[in-house]
């Protein structure tokens, strides 16, 4: 019932949004977005509560939410709700500035609901094939959101996103089919579920399992944004509207990572844990290194945040690559990253609306023009770079603590890169926030800052105290890694 | 686009030739997905043609940041 409700809600909201035809219907579009996100939030929390109580929550053998899925559902409904709320104010401001018109607003909300639906579907389906379809659907639903402003550079970003991700996901599809081989050989002809595949994974030929996992890692790793398959990500994140960048970075990357983790379990059952761990560590460390150097020399603050996402996906990969306590920290890192990156992208949206530029050198003295946004952006910066007492400090420290014993060289390189990221971020953010600016202070609307404040509150609260229910979910979710 | 669709066809052919075909539900889902992809890619191709006056995507490499 709950799963049906959480899947139907964005679908119905999308259909109803299509029906809104007149410019006066802007209020209806906003109402639909907020109402849908409230329903999704309540249902998402109820699903997570059911998973805490029973270990999983299923629907007719077609959908099932386990502990890992519940964590992702919680992130999605939280970030999704704040993004939907923030979007109403953001788009209203863009309409007022005549950047976009009513039809574009309607297109935005229709696609936003479909994007959320695809992500819910990907998380909850029991079938790897349907998961692939849903993740491909996220590409299709967001391509028009990336080209939203119809500028040549936005069109180029969307085209690159569509082609690179489609090719990547096709390779992931090939890996998926290879993993299905033992289940089909065993005479299984129904809907191949993760559980069925896990039951047969031990009989998978080790060589095929290794090839399949490499295909999956390259395929879904493209969607995760891991280096060297990351080239679509900075363009897409910087050209999309800021709330969409927030969802792309804060949630879509996690959903793709979920696919990698599901297949990792299958590969581990076939060839042991060390193979997948080494691959995750390889992609993780090169993602951190490449992102760190580019962050240091970055000139565009939205691309800066995009490269930061690549870096953090690398850190999460390292966490699951190291395994054990680092895997726990990796999943916790995923939660903190989603919250912190959403804070940063939404704050960046306010900065972009006021300064009309994404170039760092053209944004000076935000603290004197947008004081609340500046504080929120600073908090996001401190959180994302792992400054204590924010949770990312703890998770990075935990991952490094595990890694230094088993992979000391990789860990030391990662530490160097993380330091470079902090220095790079600091030199960009200080100039943006504190330099002199003759502009007068702009009155910040509640709808543009309250959703970010709520995310900041959740981030700080989770940094100092992890509720037992969430701790239980993370422990259960990472016990197999 | 032709390259992506060729890869798609090759993978599906591989799946059938090795007995990895799926239940009807997932197969319909995959067909729907590919059909939708073709529609969206075609829309993008027409947008690129309108914007750049050519389907040669190499012209996009000369774009500079705004």
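Can you bin the stretch A:413-473 into rounded, prolate or oblate? Criterion: square roots of the alpha carbon gyration tensor eigenvalues sorted a ≥ b ≥ c, rounded for a/c under 1.5, prolate for a/b above b/c, oblate for the rest. Oblate is the answer for the stretch A:413-473, as a/c is 1.5 or above yet b/c matches or exceeds a/b.
Radius of gyration (Cα atoms) of the stretch A:94-243, expressed as a multiple of 2.2 N^0.38 Å: 1.24. For chain A, the relative contact order is 16 percent, taking Cα pairs closer than 8 Å that sit 6 or more residues apart in sequence and dividing their mean separation by the residue count.
Taking every Cα-Cα distance in the stretch A:1-88 and sorting them into 10 Å bins starting at zero, the pair-distance distribution P(r) comes out as 18, 44, 26, 11, 2 percent.
For a quick protection proxy, order the peptides A:460-473, A:2-15, A:408-421 by their average other-Cβ count within 10 Å, most packed first. Let's see the in-between values first.
Details: A:460-473: 15.0, A:2-15: 19.1, A:408-421: 17.1.
The most tightly packed comes first, giving A:2-15, A:408-421, A:460-473.
Peptides A:86-96, A:213-223 ranked from most to least packed by the mean count of surrounding Cβ atoms within 10 Å: A:213-223, A:86-96.
If you average 1/r over every pair of different alpha-carbon atoms in the stretch B:23-66 and take one over that average, what Kirkwood value in Å do you get?
About 12.5 Å, per the Kirkwood formula over Cα pairs.
Treating each Cα of the stretch A:90-178 as an identical point scatterer and summing with the Debye formula, the log10 of I(q)/I(0) at q = 0.26 Å⁻¹ comes to -1.23. With angles folded into 0 to 90 degrees, how steeply does helix A:26-54 sit against the dominant principal axis of chain A? Use alpha carbons for both and round to 10. Orientation of helix A:26-54: about 30 degrees from the principal axis.
Inter-chain Cβ neighbour count for A:118-130, averaged per residue, equals 1 (cutoff 10 Å, partner chain atoms only). Take each residue in A:154-164, count the other chain C-beta atoms within 10 Å of its C-beta, and the mean is 4. Centre-to-centre separation between the Cα atoms of the stretch A:361-376 and those of chain B: 42 Å. Note on B:22-29: average number of Cβ atoms from other chains within 10 Å of each residue's Cβ is 5.
Rounded if a/c is under 1.5, else prolate if a/b beats b/c, else oblate: with a ≥ b ≥ c from the C-alpha gyration tensor eigenvalues square-rooted, which is the stretch A:366-481?
The shape class here is oblate.
Could you state the number of Å between the C-alpha centres of the stretch A:89-127 and the stretch A:27-49? When both Cα centres are located, 14 Å separates them.
Where does helix A:128-146 land angle-wise versus the long Cα axis of chain A, in degrees 0 to 90, nearest 10? Compared with the principal axis, the helix lies near 20 degrees.
Treating each Cα of chain A as an identical point scatterer and summing with the Debye formula, the log10 of I(q)/I(0) at q = 0.08, 0.09, 0.12 Å⁻¹ comes to -0.43, -0.55, -1.02.
Helix B:24-52 sits at what angle to the longest principal axis of chain B, using alpha carbons and giving 0 to 90 degrees rounded to 10? Taking the Cα atoms of chain B, the angle to B:24-52 is about 10 degrees. Its relative contact order, with pairs defined as Cα atoms under 8 Å and 6+ residues apart, puts the stretch A:242-341 at 31 percent.
Where a number appears in this text, it was derived from the coordinates with a stated rule and is not lab data. Computed from a predicted structure; not experimentally measured. As a convention, Cβ positions derive from the backbone with ideal geometry for all residues, glycine included, and neighbour counts pool all protein chains shown.
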